[in-house]
Amino acid sequence: MAKHLIPGDTTLKGIKPGDARKRLSDGDGLYLLLFVKGGAHGWRLDYAHGGKRKTLSLGTYPDTSLSLARKKADEARKLLSEGTDPSDVRKAGKAAIEAKVEADKLAAEGKPGPGTFEFVARDWLATVHQAKVSPAHAERTQVRFEKDVFPWLGRRPIGEIDAPELLQCLRHIEARGAIETAHRAKDASGQVFRYAVAQGLCQRNPAADLRDAMRPVESRHLAAIVDPVQAGELLRNAMGYQGQPVTRAALLLSALLLLRPGELRHMEWAEVNLDDAIVTIPGERMKRKKQDKADGPPHHVPLAPQAVAILRELQPLTGHGRYVFPAMTTGERCMSENTVRSALRRLGYGNDDMTAHGFRAMARTMMAERLGIAPEVIEAQLAHAVPDALGRAYNRTQYLDQRRVMTQWADYLDRLRKGADVLPFKAA
């Protein structure tokens, strides 16, 4: 119980500037600090916490009366009895007020406040996600947040979002039939929540509780022709394509080079060596993790004579520019991702029949089933990631075997195009 030494406010009113006394004590550490040169007098509370002597300011006199100063001192002593430093409580309250003021200011400017889901998500995008993935991947994630998540959860404090609220947001994506997009949004949101947990901004990741709460993604492979007779018909149709010669070359080389559609479209003449019959795709353009793009080796694609012949025919048309397959409107960009797809539509192949990416699936299936080529050789030629060190060494060193695979595959396609009856390979 505090021992009051100051009789009352009437005593304080008699204090004049220049008073010789330095302070008036009220007991148990509470006192009025006198400013001898004039100005406001200040209430102070001396206390000990954690083995250290500290002082807490309780306001100025006369704005803070003696009775109010005693009340504040009693509240501080109660916190001390509970093991809490009253200075820490005051700092936290001040920080909360400042945070609210800043949040209100940002909200007025249309920006997310600190601690909101959007604020934390953008911080994660900039500091973590962009450092791990390709720029295109990071951009897709950001657009997905801006379109499907921020409108519902962006201004919510991330520590207050629970699993049902996150699920309700994802239901809006499912409602338009974008099931895979909903799962991608959940996974990205989960990474943001884990980042927030590490930052002390929330207690747990609610996305982890939605594992069995969402509609499953229906696996659907890109359409591809894997029947030899149908493949032969496709190749004959591609050979007789009546559209742009650059598009016709892209169709034929899609079947011969087995590159991903994006890798084929962005292929540059500087990467093509017709004399040595090889194309070298830089690592940064391959479908790899960001670190592997920067440090990984390039992908070498040996050219069969049929591919060399097509490229030599194409060189007078586009060889003066950067891209092997430039856009029709300008040589500063490569052809559109829809060009080969549109050409297949003109040939009568719908999305459920054949796709640009389907040429890779066609090769993978028929190389194994019809030519008996070893799976690891096929995977190396398709530039699929190989998990073990032995596989990676194989992918790097078996250059001659890859060259034979490409020649064997091109010759096989020629026989199919001519209508030959090609039987499956019989292993010895």
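The values are calculated or read from the model by the stated rules, or taken from the named source; none is laboratory data. Not measured: the values here are computed from a predicted model. Because the Cβ atoms are built from the backbone with ideal geometry, glycine has one as well, and the counts that use them run over all protein chains shown.
Figures for the structure shown
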quantity: Boolean, residue 76 is surrounded by 16 or more Cβ atoms within 10 Å (Cβ to Cβ), assigned to a helix (DSSP H, G or I) and in contact with a Phe, Trp or Tyr (Cβ under 6 Å, 6 or more places away or on another chain); calculated: no
quantity: Hey, residue 77 in the same structural domain as residue 44 (by TED's automatic domain parsing) and either of a type in the set (Lys, Arg) or over 21 Å from residue 208 (Cα atoms) (or both) or not; calculated: yes
quantity: Elements of type helices (runs of 4 or more DSSP H) contained in the stretch 355-428, each with 1 or more residues being modelled with pLDDT of 85 or more; calculated: 358-370, 399-417
quantity: Conditions (1) at pLDDT below 95; (2) in a helix (DSSP H, G or I): number failed by residue 189; calculated: (1)
quantity: Filter result (β-branched (Val, Ile, Thr), within 24 Å of the chain's Cα centre (by Cα) and closer than 30 Å to residue 360 by Cβ) within the stretch 186-236; calculated: 217
quantity: Members of the stretch 42-73 that are without any contact (Cβ under 8 Å) to a residue 24 or more places away in the chain and either in a loop (DSSP other than H, G, I, E, B) or of a type in the set (Asp, Glu) (or both); calculated: 46, 51, 63, 64
quantity: Residue pairs meeting the criteria (Cβ under 8 Å; at least 6 apart or on separate chains; first outside the structural domain of residue 263 (by TED's automatic domain parsing) and farther than 23 Å from residue 406 by Cα, in the stretch 285-306; second modelled with pLDDT of 65 or more and surrounded by 17 or more Cβ atoms within 10 Å (Cβ to Cβ)); calculated: none
quantity: Matching option when the condition is in the same structural domain as residue 335 (by TED's automatic domain parsing), surrounded by fewer than 18 Cβ atoms within 10 Å (Cβ to Cβ), over 18 Å from residue 335 (Cβ atoms) and in contact (Cβ under 8 Å) with a residue 12 or more places away in the chain, among 234, 274; calculated: 274
quantity: Number of the condition not met by residue 155 [criteria: (1) among the charged types (D, E, K, R); (2) more than 24 Å from residue 212 (Cβ to Cβ); (3) part of a helix (DSSP H, G or I)]; calculated: (3)
quantity: Subset of the stretch 192-235 (residues that are part of a helix (DSSP H, G or I), of a type in the set (A, V, I, L, M, F, W, C) and under 21 Å from residue 144 (Cα atoms)); calculated: 192, 193, 196, 207, 208, 210
